[in-house]
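As structure tokens, the structure follows; a few thoughts come after it.
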Amino acid sequence: MADIIPVGVVGGGKGGEQFLAILSQSSQIKVMFICDPNPAAPGLAMARKLGIPTHSSTDEVALEGIQFVFEVTGSAKVLAMLREKIPAEKLIDNRTAFFLFSVLNEVNRKTNQQVEKDIHDIRTQILASTTKNSEMLHAINTIANELRIVGLNMSIEASRLGQQAAGFTVIADKVQQSVLAVKNMAQEIAKVNSGMLLTMENVEATRKRLAESMTASDGTTSGGSPGAGHQSPSPTV
């Protein structure tokens, strides 16, 4: 299993919120903090929901152990101040962060599209199997009803013939037993069908959640680069 990469984010405006949304979906990246002097910044609000520590300045956090710090304010002044405190190999500026943001978002989008396609294929297969099972169930029930009628007729005929139809009675009993066996088989198929329908409902619910996630992701992407859009006041770094 790959090591978890601890990172920090400077800038809690709209761009910081977008970048945080992408980073939080990774199983190999852990956001250790996000900084912005505006306590009402959208990025900080999201961080609180995700349980990520929020700060007004990098002076409040221990940078030791942090592998990368993303500057997503788009402010040259903030970037210059951070360069005085953070080694160049650990500091990722807004332009580079935007590039990574675009790559991660595209990978996420394509993955979601593939999962969406797989779910659609599974749903189609389940629906086809359910339809086939329903046809088989109808045929089995038809046969069972016909056998039941044959068995009843044989029983009536055996009663009419009396002792001479002893063998006839045995056959009639066997037919009735076959009817019960076929009915039991039909019930089992019906249970399987119900289970498949329930599975299809769960698959459809998953598909809808994924579609909502993709829509939200598209909305995030349309906001532009992490440093674009609404900007919080420059963080006191």
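For the range 46-65, taking the residues that are within 30 Å of the chain's Cα centre (by Cα) and touching a residue at least 12 places away in the same chain (Cβ under 8 Å), the one that is nearest to residue 18 (Cα to Cα) is identified as 46. Taken over the range 82-94, residues that are in contact (Cβ under 8 Å) with a residue 24 or more places away in the chain and assigned to a helix (DSSP H, G or I) amount to 2.
Looking only at the range 182-206, which residues are more than 16 Å from residue 128 (Cα to Cα), hydrophobic (A, V, I, L, M, F, W, C) and surrounded by fewer than 12 Cβ atoms within 10 Å (Cβ to Cβ)? Show your work before the answer.
Looking only at the range 182-206, we keep the residues that are more than 16 Å from residue 128 (Cα to Cα), and these are 182-188, 191, 202, 205-206.
Imposing the further condition that a residue be hydrophobic (A, V, I, L, M, F, W, C) reduces the set to 182, 185-186, 205.
Within the range 182-206, 205 is the sole residue that qualifies.
Quick one: is residue 69 surrounded by fewer than 18 Cβ atoms within 10 Å (Cβ to Cβ) and closer than 21 Å to residue 4 by Cα? Give the derivation first.
Working: surrounded by fewer than 18 Cβ atoms within 10 Å (Cβ to Cβ): no; closer than 21 Å to residue 4 by Cα: yes.
Considered against the rule, which asks whether it is surrounded by fewer than 18 Cβ atoms within 10 Å (Cβ to Cβ) and closer than 21 Å to residue 4 by Cα, residue 69 comes out as no.
Among the residues of the range 64-81, which ones are part of a helix (DSSP H, G or I) and closer than 19 Å to residue 41 by Cβ? Quick ask: steps written out before the conclusion?
Looking only at the range 64-81, we keep the residues that are part of a helix (DSSP H, G or I), and these are 76-81.
The answer is 77, 78, 79, 81.
Taking the range 87-104 as the search range and keeping residues that are surrounded by 16 or more Cβ atoms within 10 Å (Cβ to Cβ) and at pLDDT 70 or above, which one is nearest to the chain's Cα centre (by Cα)? Here the residue is 100.
The values are calculated or read from the model by the stated rules, or taken from the named source; none is laboratory data. What you see is a predicted model, and the numbers here were worked out from it, not measured in a lab. Cβ atoms come from the backbone with ideal geometry, glycine included; neighbour counts cover every protein chain shown.
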